[in-house]
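Q: Structure provided below as structure tokens; questions to follow.
The numbers here are math on the coordinates, done by the rules we state, and not lab data. In this text, all values refer to a predicted model and were calculated from it rather than measured experimentally. When we count neighbours, we look across all protein chains shown, and the Cβ atoms used for this are built from the backbone with ideal geometry, even at glycine.
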């Protein structure tokens with residue numbers, strides 16, 4: 001089996017509901033990962049790839065998302081963030097706040 005074939009069938013990370021505070025997943029591929037309901041308070045996700053990751057109810061208070069790839073406003077709107085969450089440069093906190101307000105109304 002080639003490396004690309006192995007990667008295609010590799011299981012996706014599933015840490016839904018896990019307590020992963022202060023974990024360092026910098027540079028990790030979180031493509032399609034299920035982080036729903038996980039408590040990732042103060043975790044490091046620098047340059048991690050979030051394509052297709054599920055963040056419903058994921059606690060990202062104080063998390064460092066600097067340089068995160070493929071992370072969308074829609075994904076973050078389903079997560080729990082606060083003013084200590086470090087967002088990637090391409091995500092505007094004002095837009096995120098507006099999306100969150102619209103979802104919760």
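Q: Taking the mean number of other Cβ atoms within 10 Å as a proxy for protection, how do you rank 85-96, 31-42 from highest to lowest?
A: Going by the mean number of other Cβ atoms within 10 Å, highest first, we get 31-42, 85-96.
Q: Okay, moving on. Please label the shape of region 13-78 as rounded, prolate or oblate, based on the square roots a ≥ b ≥ c of the eigenvalues of the alpha-carbon gyration tensor (a/c under 1.5 means rounded; beyond that, a/b larger than b/c means prolate, else oblate).
A: In terms of gyration-tensor shape, rounded.
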